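Peer 1: Questions regarding the structure given below will be posed in turn.
Every read-out reported here was derived from the displayed coordinates using simple, explicitly stated rules and does not represent laboratory data. This structure is a prediction, so every number in the text was calculated from the model and none was measured. Positions of Cβ are generated from backbone atoms using ideal geometry, with glycine treated the same way; all protein chains shown enter the neighbour counts.
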Amino acid sequence: MDEAELRRRAMEMLREGRRPGEVARELGRSRQWLAKWRQRFDDAGTAGLRERSRAHRAHPQTTPARIARAVLAARERLARHHGRQRFAGSGADAVAWELERAGVRPLPARRTIERILQRAGKTAHPAAPSTRSTSAAVAAPRGRRPTRARPASATT
């Protein structure tokens with residue numbers, strides 16, 4: 001029995017007049033689990049028995065769409081200006097300068113501009129899906145061991 005069916009079965013058993021502790025025990029769930037789904041069922045009927053997304057509804061740190069569009073438009077203007085030199089003079093610094101000239105506010109950070117360009121595939125190395133944490137330690141080159149700083153010896 002899948003999870004959705006288990007929830008429906010629990011609600012049927014409660015409607016039949018069975019005690020919550022008995023229902024929970026028979027289904028191998030806790031009374032808290034049963035109370036959660038019973039409340040959702042009472043609030044929304046069978047639609048309340050569906051799993052809800054845990055994703056945030058709002059993303060307050062997301063760069064506004066108008067800023068992202070302005071970054072891409074500035075990048076296109078710079079690329080047209082430089083013609084055959086595909087990425088010459090059209091990096092994050094040049095785009096930031098172009099945005100500042102155009103009066104775009106708030107002016108995004110250079111790294112934000114780089115990310116916008118990467119996501120749009122407008123850099124020499126488009127962003128690849130990351131499998132590593134950004135805080136992961138960087139491996140030392142092969143054949144070399146990382147050296148530790150030694151404390152200076154105190155001479156008196």
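Peer 1: Apply the a/c threshold of 1.5 to the C-alpha gyration tensor of segment 3-49 and tell me whether it is rounded, prolate or oblate. Don't skip to the answer; put the middle values down first.
Peer 2: Numbers: a/c = 1.58, a/b = 1.45, b/c = 1.09.
Prolate is the answer for segment 3-49, as a/c is 1.5 or above and a/b outweighs b/c.
Peer 1: Sort the following peptides by mean Cβ neighbour count (other Cβ atoms within 10 Å, averaged over residues), highest first: 89-102, 57-70, 7-20. Write out the running numbers ahead of the final one.
Peer 2: Numbers: 89-102: 16.9, 57-70: 10.7, 7-20: 14.6.
Highest-to-lowest ranking by the protection proxy: 89-102, 7-20, 57-70.
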